[in-house]
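Structure first, then comments.
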Amino acid sequence: MRSPITHPALLAGILLCVAGARGHAQDTTRAEPRPVPRLPAPLPLPMPTLRPKVPTAEPAAPSVPTTSAPASAAPARSTPAAVPSTGAQDGAGRIVGTVLDGESGQPLQGVQVVLQGALRLGGVSDLDGRYVIQRVPTGTYSVVARLIGFRPAQRDSVVVTRGAATTVALTLRSVPRQLTGVTVTAEAVRTTNSDAGLLALQKAAPGVSDGISAAAMARAPASNAADAIIRVPGISVVGNRFVVVRGLQERYSNTLLNGAELPSPEPARRVVPLDIFPSKLLESIVTTKSATPDKPGDFVAGLVEIKTREFPEEFQAQASLGGQWHSLTTGLMAPFPTREAGDRLAMGDASRMAPQGMPRTGPPGIVPTPIAQQVRSVWLSSPQRAAPNVSGDASVGGQVSLFGTPLGIVGALTFNNEMRRTPDRLFAFLADGGAETAPQAFSIDEWTTAADLSGLLNVSWRPASWSKLGVKNLATRNAEDVSIVSDGFARDRAPGRSLRQFQRRYVARELLQNQVSGEHTIGLLADSRFEWRLTSSRARRLEPENRQVEFSLEADGRYGPGFANGPRELWDRSLVDRTQTLQGDWTFGFSRYRNRDGSIKFGGLGRSKRREFDAYLYQYFTGSRTTSVRFLPPDQALAPENFGVATAAFYLSRVGAGALAWQARGELGA
């Protein structure tokens with residue numbers, strides 16, 4: 001076989017040999033001929049693999065000396081019949097997944113994940129342990145993960161389908177230094193949205209913790225975080241919303257969302273109600289029962305850490321619609337509050353605001369008649385049949401490419417509408433003598449219509465394998481319209497009389513959190529990890545109407561307004577709680593008994609918190625005009641046309657005492 005000589009050393013050797021032979025032929029003056037130095041035979045050179053090209057007209061190349069390949073030289077290699085292209089091709093998919101430390105459950109960075117066999121395809125895990133192998137031809141493969149100091153992990157029979165992402169989760173375990181053998185293992189992924197991942201994190205956690213994962217919440221009939229967390233040992237929930245850890249009251253607990261402290265929409269409590277977090281938006285709920293230096297220390301019983309969903313490795317879109325039948329409520333004909341504009345989306349507070357011109361400041365006094373007649377007077381709605389509870393959710397997420405780097409996005413929306421009845425709830429003050437000597441006792445019936453609306457939008461970008469930036473946004477809103485009728489007695493203010501109380505209350509609670517975060521691995525500083533979070537949160541509670549009046553049973557068998565001593569209030573209250581937090585943590589790993597099995601963390605925290613509470617109190621009074629209107633049901637007796645000045649049947653007066661507005665502010669640096 002003849003081929004052009006392109007190797008410079010071989011060409012130089014041939015020229016030297018020719019020059020030496022020519023010099024020997026011309027030397028005739030010497031007595032004895034000198035032997036011509038002989039160069040060793042040229043080494044066989046591997047021929048480059050050339051792709052066939054379409055012949056094109058080219059100018060003639062200059063003549064180049066050629067030689068024959070020696071018999072011992074290896075034959076030229078031909079191009080394989082099928083070589084996978086690295087570009088996009090039909091029938092290609094991709095392999096994605098996460099590589100975690102089997103001891104600590106933490107993600108491993110810098111792991112080489114390759115396909116065994118002729119294909120030279122692979123990827124390297126980033127700081128979250130995520131990797132991706134692009135443009136893999138369809139077929140069945142073995143995936144191997146390797147990192148110095150860890151046993152390789154292999155997953156066989158990995159099937160790649162066209163246009164889809166195949167998820168392969170791998171776990172590496174450190175290699176003891178005294179052993180030289182290699183054991184191949186492969187385990188399921190350990191993230192907080194799975195039971196195994198949550199257990200691994202609890203095992204490696206520096207403090208005592210317990211929790212519930214998204215997988216466990218999906219198996220249980222839990223509609224919100226309060227329904228889910230009661231399945232955690234040592235946890236109970238008061239009022240279907242407030243968490244109690246180890247039997248201590250809710251004020252001894254605290255709540256974090258995505259690592260940042262949350263404000264509370266409750267004016268008399270610092271704890272966050274968990275029923276405002278839909279379980280469909282959550283990845284995990286973890287309760288920490290012992291203090292650690294990297295967590296806020298203003299709790300005694302426990303710290304509830306809520307984490308929202310992360311984006312999936314491949315595109316996913318799902319939607320669901322469900323209903324619920326309640327034996328005590330569904331199909332019942334009862335005076336449930338009638339839904340008004342916006343109530344089904346928890347946006348009904350605008351229609352219940354105080355009328356324009358309602359006195360807010362100045363000395364207490366009677367509300368002018370035109371304004372008092374505009375105050376809503378809805379107490380008991382007309383009976384209606386309770387419909388089944390309806391809930392739904394939709395989510396979409398996946399990865400796209402931004403400047404050749406992965407950008408993950410997940411968005412979700414949930415809603416819930418329900419009607420519920422709570423019958424025969426007992427409220428009583430019990431003295432030492434028992435129920436017979438109780439000063440007050442009431443049997444309470446409640447009819448409630450409620451709505452929840454929540455949305456989530458999280459974005460994460462990995463500009464490099466050692467860096468990740470994220471933006472997380474959560475908005476949730478809950479509204480309840482409650483109608484209450486109580487029958488009982490109060491010996492302290494109406495001895496010997498039966499009393500009936502009517503109450504109508506509308507409360508809307510909302511929470512908004514925006515967070516920008518980053519995670520970076522710094523190779524120049526022993527592969528240390530720096531994490532930072534900037535969070536802004538706002539919680540609001542709107543209570544535009546909370547009305548309550550008491551009627552007493554008269555001698556003629558009719559109930560009349562007992563406004564002199566009983567409750568007769570109209571409240572208009574609101575609370576705004578804002579929290580801004582900046583936090584940074586720097587973690588250095590070190591080795592004690594095995595590869596990087598220990599870590600030291602440094603960090604700092606700055607927090608600014610502000611709460612503003614406004615309250616306005618008005619009271620109903622009976623006028624000097626006695627009329628049979630006063631003995632009608634409250635919707636008719638307290639109708640707008642019956643309000644006026646002191647000479648009318650009823651009038652409304654603003655009260656200064658008891659309605660205290662306040663502001664509070666707190667700054668924390670640690």
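The values are calculated or read from the model by the stated rules, or taken from the named source; none is laboratory data. Being a predicted model, the structure only gives us computed values, none of them experimental. Here Cβ is always computed from backbone atoms with ideal geometry, including for glycine, and neighbour counts include all displayed protein chains. SASA here: full protein model, heavy atoms, side chains in, ligands and nucleic acids out. Shrake-Rupley method; radii C 1.70, N 1.55, O 1.52, S 1.80 Å.
Taking ASP275, is it more than 30 Å from GLY604 (Cβ to Cβ), touching a residue at least 12 places away in the same chain (Cβ under 8 Å) and open to solvent by less than 70 Å² (accessible area, probe 1.4 Å)?
On the way: more than 30 Å from GLY604 (Cβ to Cβ): yes; touching a residue at least 12 places away in the same chain (Cβ under 8 Å): yes; open to solvent by less than 70 Å² (accessible area, probe 1.4 Å): yes.
When the stated conditions are applied, ASP275 passes them.
Taking the stretch 221-237 on its own, how many of its residues are over 19 Å from SER454 (Cβ atoms) and either among the small types (Gly, Ala, Ser) or at pLDDT below 80 (or both)?
2
Select, from GLY181, GLY197, the only residue that is more than 17 Å from VAL111 (Cβ to Cβ), at pLDDT below 85 and either assigned to a loop (DSSP other than H, G, I, E, B) or among the charged types (D, E, K, R) (or both). Step through it out loud before you land on a result.
Working: GLY197 fails: either assigned to a loop (DSSP other than H, G, I, E, B) or among the charged types (D, E, K, R) (or both).
When all the criteria are applied, what remains is GLY181.
Among residues belonging to the stretch 333-357 that are open to solvent by less than 20 Å² (accessible area, probe 1.4 Å) and aliphatic (A, V, I, L, M), point out the one that is modelled with the highest pLDDT.
Restricting to residues being open to solvent by less than 20 Å² (accessible area, probe 1.4 Å) and aliphatic (A, V, I, L, M), the top hit is ALA334.
Just checking, which of SER483, SER537 is small (Gly, Ala, Ser), part of a strand (DSSP E or B), in contact (Cβ under 8 Å) with a residue 60 or more places away in the chain and closer than 20 Å to TRP571 by Cα?
Numbers: SER537 fails: closer than 20 Å to TRP571 by Cα.
None of the others qualify; the one that does is SER483.
Suppose the filter is assigned to a strand (DSSP E or B) and crowded, with 19+ Cβ neighbours inside 10 Å; does SER574 pass it? Let's see the steps before the verdict.
Details: assigned to a strand (DSSP E or B): yes; crowded, with 19+ Cβ neighbours inside 10 Å: no.
When the stated conditions are applied, SER574 does not pass them.
State whether the residues of the stretch 365-373 include one that is over 21 Å from PRO640 (Cα atoms) and part of a helix (DSSP H, G or I).
Applying the first criterion (over 21 Å from PRO640 (Cα atoms)) to the stretch 365-373 yields none.
For the stretch 365-373, residues over 21 Å from PRO640 (Cα atoms) and part of a helix (DSSP H, G or I): absent.
If you check GLY97 against the conditions, is it crowded, with 22+ Cβ neighbours inside 10 Å, in contact (Cβ under 8 Å) with a residue 60 or more places away in the chain and outside any loop (DSSP other than H, G, I, E, B)? If you could, list the steps in order and put the result at the bottom.
On the way: crowded, with 22+ Cβ neighbours inside 10 Å: yes; in contact (Cβ under 8 Å) with a residue 60 or more places away in the chain: yes; outside any loop (DSSP other than H, G, I, E, B): yes.
When the stated conditions are applied, GLY97 passes them.
Failed condition for SER284, given (1) open to solvent by less than 30 Å² (accessible area, probe 1.4 Å); (2) assigned to a loop (DSSP other than H, G, I, E, B), with all others met?
That leaves (2) as the condition not met.
So that you can scan it fast, the table gives a plain yes or no per residue for (1) closer than 30 Å to VAL96 by Cβ; (2) touching a His at 6+ places or on another chain (Cβ under 9 Å); (3) at pLDDT 90 or above:
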site	(1), (2), (3)
ARG385	no, no, yes
PRO388	no, yes, yes
LEU407	yes, no, yes
THR414	yes, no, yes
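Inspect all residues belonging to the stretch 508-531 and state whether any of them is of a type in the set (S, T, N, Q), open to solvent by 20 Å² or more (accessible area, probe 1.4 Å) and in a loop (DSSP other than H, G, I, E, B).
no
Just to be sure I understand, how many residues within the stretch 210-236 are outside any helix (DSSP H, G or I), open to solvent by less than 50 Å² (accessible area, probe 1.4 Å) and not small (Gly, Ala, Ser)? Before the answer, list the steps.
Narrowing the stretch 210-236 to residues outside any helix (DSSP H, G or I): 210-213, 220-224, 230-236.
When the remaining residues are screened for being open to solvent by less than 50 Å² (accessible area, probe 1.4 Å), the result is 210-213, 220, 222, 224, 232, 234-235.
Filter once more, so that each one left must be not small (Gly, Ala, Ser): 210, 212, 224, 232, 235.
Summing the residues that are outside any helix (DSSP H, G or I), open to solvent by less than 50 Å² (accessible area, probe 1.4 Å) and not small (Gly, Ala, Ser) in the stretch 210-236 gives 5.
I'd like the full set of residues that are assigned to a strand (DSSP E or B) and buried (at least 20 other Cβ atoms within 10 Å of the Cβ), limited to the stretch 124-135. Steps first, answer last, please.
Residues of the stretch 124-135 that are assigned to a strand (DSSP E or B), as a first pass: 124, 130-135.
Correct list: ARG130, TYR131, ILE133.
From the set of residues in the stretch 285-332 that are closer than 29 Å to PRO388 by Cα and of a type in the set (Gly, Ala, Ser), which is farthest from the chain's Cα centre (by Cα)?
Within the stretch 285-332, the match that is farthest from the chain's Cα centre (by Cα) is GLY331.
Among the residues of the stretch 104-121, how many are surrounded by fewer than 17 Cβ atoms within 10 Å (Cβ to Cβ) and under 27 Å from GLY589 (Cα atoms)? Spell out how you get there, then give the answer.
From the stretch 104-121, those surrounded by fewer than 17 Cβ atoms within 10 Å (Cβ to Cβ) are 112, 116-120; that's our starting set.
From what's left, under 27 Å from GLY589 (Cα atoms): 112.
Total satisfying the criteria: 1.
Which residue out of ARG146, ARG130 is modelled with pLDDT under 90 and of a type in the set (Lys, Arg)?
Answer to the selection: ARG130.
Step by step: first the residues of the stretch 404-422, then only those that are closer than 29 Å to VAL459 by Cα and among the β-branched types (Val, Ile, Thr), then the one that is surrounded by the most Cβ atoms within 10 Å (Cβ to Cβ). Which residue is that?
If we take residues in the stretch 404-422 being closer than 29 Å to VAL459 by Cα and among the β-branched types (Val, Ile, Thr), then THR414 is surrounded by the most Cβ atoms within 10 Å (Cβ to Cβ).
If you scan the stretch 626-646, which residues turn out to be in a helix (DSSP H, G or I) and of a type in the set (Ser, Thr, Tyr)? Don't jump to the end; show me each part of the working.
The initial filter retains those residues of the stretch 626-646 that are in a helix (DSSP H, G or I), namely 628-631, 634-637, 640-642.
Result: SER628, single match.
Of all residues in the stretch 237-270, how many are of a type outside the set (Gly, Ala, Ser), open to solvent by less than 70 Å² (accessible area, probe 1.4 Å) and either outside any strand (DSSP E or B) or touching a His at 6+ places or on another chain (Cβ under 6 Å) (or both)?
Going through the stretch 237-270 one residue at a time, the tally reaches 9.
Select from the stretch 423-457 the residues that are modelled with pLDDT under 75, assigned to a loop (DSSP other than H, G, I, E, B) and in contact with a strand residue (DSSP E or B) (Cβ under 9 Å, 6 or more places away or on another chain) and write down the one among them that is least open to solvent (accessible area, probe 1.4 Å). Quick ask: steps written out before the conclusion?
Step one: of the stretch 423-457, the residues modelled with pLDDT under 75 are 430-438.
Within this subset, residues satisfying the condition of being assigned to a loop (DSSP other than H, G, I, E, B) are 430, 432-433, 438.
Those left that are additionally in contact with a strand residue (DSSP E or B) (Cβ under 9 Å, 6 or more places away or on another chain): 430, 438.
Values: LEU430: 122, ALA438: 1 Å².
The extreme case among them is ALA438.
Anything in the stretch 361-373 that is of a type outside the set (Ser, Thr, Tyr) and open to solvent by less than 80 Å² (accessible area, probe 1.4 Å)? List them, or say none. Lay out the reasoning, then the answer.
Narrowing the stretch 361-373 to residues of a type outside the set (Ser, Thr, Tyr): 362-368, 370-373.
If the condition is that a residue be of a type outside the set (Ser, Thr, Tyr) and open to solvent by less than 80 Å² (accessible area, probe 1.4 Å), then GLY362, GLY365, VAL367, PRO368, ILE371, ALA372, GLN373 are the ones that fit.
Would you point out the residue of the stretch 564-599, among those that are over 30 Å from ARG538 (Cβ atoms) and polar (S, T, N, Q), that is modelled with the highest pLDDT? Before the answer, list the steps.
Taking the stretch 564-599 and keeping what is over 30 Å from ARG538 (Cβ atoms), we get 564-568, 587-599.
In the following step, the residues that additionally are polar (S, T, N, Q) were identified as 565, 587, 591, 595, 599.
On the way: ASN565: 67, THR587: 90, SER591: 75, ASN595: 62, SER599: 80.
Looking at residues that are over 30 Å from ARG538 (Cβ atoms) and polar (S, T, N, Q), I get THR587.
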